[in-house]
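Student: Dropping a structure here in structure tokens format, bear with me for questions.
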Amino acid sequence: MVSNEVHQPLLKSTFIWQNTRMQVNVSPFSAESQDQSSVTPMEHAAEPNHVSLDFASDDSHSTDSQVPLKMSPYDTSVIEPIVTSEGLTRPDKDQELVASLHNQVERQAKYQALIRRLTMAIQNSTELSEILKIAAEGTAQVLNVDQAMVLRIRFWDPRHSIRSSERIPKARVIIDAKWSRFPTEVEENTAPATSSGHNGVVPGQSFWISDCGLCQHAMTGGSQALLFNQAEQFAETLKKPETAPLLSPKSMPSLLMVPLESKNKVLGFLTVQKSQDYEWQIEEVELLELLAAQLSSAVLQTETLRQVESLVEERTAQLQQSLELQAKLYEITRKQIEKLREMNQRMDEFLSTLSHELRTPLTSMMMAIRMLREASLPEEKRSRYLEILEKQCAQETSLVNDLLALQELETKQVAMQVQEVHLPEMFENLRSSFDQRWGMKGLTLDLKIPPELPQLSTDAASVKRILLELITNAGKYADPSTAISINVSQPDHHSVVIQVTNFGVGIEADELPLIFDKFRRCQGMTQQAVPGTGLGLALVKSLLQHLNGDVTATSEPCEGKSDHETRFTVTLPLALDAAKA
């Protein structure tokens, strides 16, 4: 019996099964080779020849299954004129045709596998270098070429990336991925080799586009692929026959180059080469164009992602800088507010102190004046009230003079009178006034002055005021019945050092840097109601600055005692430059 199975033409069935791996069995049937028990003589006559095509699924995870496809008399009649023209006998003709179809299906399967692998790599966001490596190696192996490369273009001016037939852009061509069957000596030592070729790129392998006539032709021409089947075609086609060494037709006479581009913007090229003359097939060109389109998408995706990441990093950095700036401004504002609060507090303390220092003498003066108006006041009391009046008046005058002196020093309106100053004589004069003022407290003045101390050439009034303020300050805060020591030394030929030391109430470490500020008084001094305006040490520092000198203070606790050793160290130049003063 003749098979009732309906058969399609062989060529059509071949392309339906492009995505399968095909196994072909050619079996010419005749009456002598048929099993007589299963086929009758009439069936032999109806089926003079029989071709069986077995297809197996390309799924590597499933078992191969074969689907026999038999050729009908119609199929044989269609194929027979084709193979007869080749001068082959019927069995040879059938075998050649089926082998050709088998090779074509295998190539299509390899093409599909490469495209699928590349697509998956792009979808999985694989690194661009790895994607380009897959493209170069896969293309070389599928097309059986001797060299495959992915070339990227780095433009000097990004605006020149648009294709133009009138301009050769200033750009550098960089080999991002390369597969070669014949690696160079440098590549053999730097890049890994595969079983069938050499896969890798030597760092810095690049060339200017102006040095390669082939790349210039690809940039200024259309977006079509460039095909060269033999070396002679390079000279016939290119205006500039010189090419980069990697694209030279001397070693690789046949070349296929497809541009990587998007919206007329050239990104690079995908090239394949063979070491002998070769006529490129349409299906090979179409495969490279499809791969080039995928690579272009991958390059754009990567560049866009990098631009977004760069923009995000830039915006993040700007935001961080803005936050840091805001934090700094906030800190500056906070410090300024604290400083204003501190200044207000100091001003309140000053006004309170000034009010007290002004009112107390005035009260004493008013009382003395009232008592002096009494006619029956004894002469002894009258003299006493006059002394009180004179003392309190002098105190008021001193306070006003201190304020005016500070104002003059701050505005630099002080006139210095440079003259010779003999320190031992000045200290002796101060000793007498010290004994009168602090004798009742039991304080003594201990002077240590070297006999060979030279005279100073400076403003005598300023030096006297400095020493008087320091001795007065030491007397206020020294414990009763203690000694205030003054030690004078000459450390070098240009300066004199004076140290004033007392034992008593100390100064807190955090207050030491502030004691020379105007109206600044230590908390302990205010609480103990020690008289003073907070102007003395400020006046000392201002006067020393005008004399090109300096002053420092220390306050250390005494061992085994609750007292502190407070020391002020004054440094004065031996000679004051009148011009600087």
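Student: So Ala191 clears everything in (1) at pLDDT 80 or above; (2) small (Gly, Ala, Ser); (3) touching a His at 6+ places or on another chain (Cβ under 8 Å) except one condition, right? Which one?
Tutor: The single condition Ala191 does not satisfy is (1).
Student: Specify which of the listed residues (Thr333, Thr353, Thr363) is modelled with pLDDT of 85 or more, of a type in the set (S, T, N, Q), open to solvent by less than 90 Å² (accessible area, probe 1.4 Å) and in a helix (DSSP H, G or I). Steps first, answer last, please.
Tutor: Values: Thr353 fails: modelled with pLDDT of 85 or more; Thr363 fails: modelled with pLDDT of 85 or more.
The match here is Thr333.
Student: So, in the stretch 127-151, of the ones that are open to solvent by 50 Å² or more (accessible area, probe 1.4 Å) and without any contact (Cβ under 8 Å) to a residue 60 or more places away in the chain, which residue ends up farthest from Leu288 (Cα to Cα)? Break it down into steps so the answer makes sense when it comes.
Tutor: Kept after step one, since they are open to solvent by 50 Å² or more (accessible area, probe 1.4 Å), are these residues of the stretch 127-151: 127, 129-130, 133, 141, 144.
Next, from what is left, pick out any that are without any contact (Cβ under 8 Å) to a residue 60 or more places away in the chain: 127, 129-130, 141, 144.
On the way: Glu127: 21, Ser129: 18, Glu130: 18, Gln141: 13, Asn144: 13 Å.
Step by step, filter the stretch 127-151, then rank; the result is Glu127.
Student: Could you figure out which of (1) at pLDDT 85 or above; (2) closer than 15 Å to Val463 by Cα isn't true of Leu576?
Tutor: Checking Leu576 against (1) at pLDDT 85 or above; (2) closer than 15 Å to Val463 by Cα, the one that fails is (1).
Student: For the structure I just gave you, tell me whether Leu288 is closer than 20 Å to Arg181 by Cα and either of a type in the set (Val, Ile, Thr) or in a strand (DSSP E or B) (or both). Let's see the steps before the verdict.
Tutor: Values: closer than 20 Å to Arg181 by Cα: yes; either of a type in the set (Val, Ile, Thr) or in a strand (DSSP E or B) (or both): no.
Criteria not met by Leu288.
Student: Would the stretch 425-446 turn up any residue that is touching a Pro at 6+ places or on another chain (Cβ under 8 Å), surrounded by 12 or more Cβ atoms within 10 Å (Cβ to Cβ) and not in a helix (DSSP H, G or I)? Write out each step before concluding.
Tutor: Filtering the stretch 425-446 for residues touching a Pro at 6+ places or on another chain (Cβ under 8 Å) gives 441-443.
Adding the requirement that they be surrounded by 12 or more Cβ atoms within 10 Å (Cβ to Cβ) leaves 441-443.
Pick out the ones that are also not in a helix (DSSP H, G or I) and you get 442-443.
Checking the stretch 425-446: at least one residue is touching a Pro at 6+ places or on another chain (Cβ under 8 Å), surrounded by 12 or more Cβ atoms within 10 Å (Cβ to Cβ) and not in a helix (DSSP H, G or I).
Student: Same structure, new question: Determine, yes or no, whether Asp517 is under 22 Å from Glu559 (Cα atoms), of a type in the set (D, E, K, R) and surrounded by fewer than 18 Cβ atoms within 10 Å (Cβ to Cβ). Spell out how you get there, then give the answer.
Tutor: On the way: under 22 Å from Glu559 (Cα atoms): no; of a type in the set (D, E, K, R): yes; surrounded by fewer than 18 Cβ atoms within 10 Å (Cβ to Cβ): yes.
So Asp517 fails the test.
Student: Also, I was wondering about something else. Residues of the stretch 409-422 being in a helix (DSSP H, G or I) and surrounded by 14 or more Cβ atoms within 10 Å (Cβ to Cβ), which ones?
Tutor: Leu409
Student: Further question on the same structure: Could you tell me how many of the residues in the stretch 449-503 are outside any loop (DSSP other than H, G, I, E, B), of a type in the set (D, E, K, R) and either open to solvent by 30 Å² or more (accessible area, probe 1.4 Å) or within 30 Å of Asp563 (Cβ to Cβ) (or both)? Before you say what the answer is, go through the steps one by one.
Tutor: To start, the set of residues in the stretch 449-503 that are outside any loop (DSSP other than H, G, I, E, B) comprises 456-478, 483-489, 495-503.
Okay, now just the ones that are also of a type in the set (D, E, K, R), so 459, 464-465, 469, 476.
Next, only the ones that are either open to solvent by 30 Å² or more (accessible area, probe 1.4 Å) or within 30 Å of Asp563 (Cβ to Cβ) (or both) stay: 464-465, 469, 476.
Residues flagged as outside any loop (DSSP other than H, G, I, E, B), of a type in the set (D, E, K, R) and either open to solvent by 30 Å² or more (accessible area, probe 1.4 Å) or within 30 Å of Asp563 (Cβ to Cβ) (or both) within the stretch 449-503 amount to 4.
Student: Which of the residues spanning the stretch 194-247 are aliphatic (A, V, I, L, M), at pLDDT 85 or above and open to solvent by 10 Å² or more (accessible area, probe 1.4 Å)?
Tutor: Ala225, Leu226, Leu227, Ala231
Student: Are there any pairs with C-beta distances below 8 angstrom linking a residue in the stretch 253-270 that is within 14 Å of Ile175 (Cβ to Cβ) to a residue that is part of a strand (DSSP E or B) and among the polar types (S, T, N, Q), with the two at least 6 apart or on different chains, and if so which?
Tutor: Met257/Thr271
Student: Do we have Thr533 as crowded, with 17+ Cβ neighbours inside 10 Å, more than 30 Å from Ser457 (Cβ to Cβ), at pLDDT below 90 and of a type in the set (Val, Ile, Thr) here?
Tutor: Values: crowded, with 17+ Cβ neighbours inside 10 Å: yes; more than 30 Å from Ser457 (Cβ to Cβ): yes; at pLDDT below 90: yes; of a type in the set (Val, Ile, Thr): yes.
For Thr533, the condition - crowded, with 17+ Cβ neighbours inside 10 Å, more than 30 Å from Ser457 (Cβ to Cβ), at pLDDT below 90 and of a type in the set (Val, Ile, Thr) - is met.
Student: Cβ contacts < 7 Å: first residue assigned to a helix (DSSP H, G or I) and modelled with pLDDT of 85 or more, restricted to the stretch 298-311; second residue open to solvent by less than 90 Å² (accessible area, probe 1.4 Å) and not aliphatic (A, V, I, L, M), any location; separation 6+ or different chain. Result?
Tutor: Once the first residue is assigned to a helix (DSSP H, G or I) and modelled with pLDDT of 85 or more and sits in the stretch 298-311, its partners that are open to solvent by less than 90 Å² (accessible area, probe 1.4 Å) and not aliphatic (A, V, I, L, M) give Leu300/Ser262.
Student: In the stretch 248-286, which residues are open to solvent by 10 Å² or more (accessible area, probe 1.4 Å), under 17 Å from Gln230 (Cα atoms) and of a type in the set (Gly, Ala, Ser)?
Tutor: Within the stretch 248-286, Ser248, Ser251, Ser275 meet the criteria.
The values are calculated or read from the model by the stated rules, or taken from the named source; none is laboratory data. Worth saying up front: this structure is predicted, and the values here are computed from it rather than measured. Using ideal geometry, Cβ is built from the backbone for each residue, glycine included, and neighbour counts are taken over all protein chains shown. Only protein heavy atoms, including side chains, enter the accessible area calculation; ligands, DNA and RNA are left aside. Shrake-Rupley method; radii C 1.70, N 1.55, O 1.52, S 1.80 Å.
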